[in-house]
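What follows is calculated from the coordinates using simple rules that are stated; it is not laboratory data. Because the structure is a prediction, the values reported are computed rather than measured. Note that we place each Cβ from the backbone using ideal geometry, even for glycine, and neighbour counts take in every protein chain shown.
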Amino acid sequence: MATGLTNLSAYDKDSLPDISQLRFGLVVSEWNDSITDNLFKGAKGALLDCGAKESNLTHWTVPGSFELPAGCAKMLKSEKIDAIIAIGSVIRGETSHFDFVCSATAHGIMQLNTSQEVPIIFCVLTDNTLQQAKDRSGGQHGNKGVEAAIAAIKMATLGSSN
Ligand SMILES: Nc1c(NC[C@H](O)[C@H](O)[C@H](O)CO)[nH]c(=O)[nH]c1=O
Ligand SMILES: CC(=O)[C@@H](O)COP(=O)(O)O
């Protein structure tokens, strides 16, 4: 369903399991930081609202979305973590660089997901315009960071009894 037909910030926290003991990583791209800061705030706020402890959140930054897979891989090696949210905002420019960055970032994060057990959530906006990015990071369509936090909770507890 297209983003325009849903609310990225909608969730039912009562349907989620206890996450008070779970550890979450947030790896955030510095490119388009006016967007990624809002995605980060949305994700962090949703995790805390759903019962995560702030002391169990690890926040790192990387230069751009292309570096998100490497940043997540480094966090996996150095932190005991139950899920990572990779946060970025890629906005189309004049050249085909947009396509390469988006494709490499998505492929790199998918490779991480299929090569080890800790879920890595793809919270990377890939927009044609700044307005599209604003609309999806706390604007008219909600905040993809919130959506990513709920996905992280669900994947971190996939198959658990509670
Ligand atoms: N144009 C955007 C970039 N470009 C930078 C790359 O992600 C990378 O940091 C650089 O190529 C060095 O390896 N990154 C974004 O996250 N968003 C953009 O719109
Ligand atoms: C996604 C990008 O790398 C892009 O914003 C860079 O802009 P340009 O294609 O005009 O160099």
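Points worth noting:
- Ordering of 111-120, 143-152 by packing [mean C-beta count within 10 Å, highest first]: 143-152, 111-120
- Of the complete DSSP H runs in the chain, those spanning 20 angstrom or more by Cα along the long axis with a mean Kyte-Doolittle score not below -0.5 are 33-49, 97-115.
- Three semi-axes of the equivalent ellipsoid, the stretch 33-95, Cα gyration tensor, whole Å, largest first: 23, 17, 7
- Note that the chain, at 4 °C in a medium of 1.567 mPa s, gets a Stokes-Einstein diffusion coefficient of 83 µm²/s from its Kirkwood radius over C-alpha pairs.
- Euclidean distance of C-alpha centroids, the stretch 136-151 and the stretch 64-106, integer Å: 17
- The chain - share of DSSP beta bridges that are antiparallel (%, nearest 5): 10
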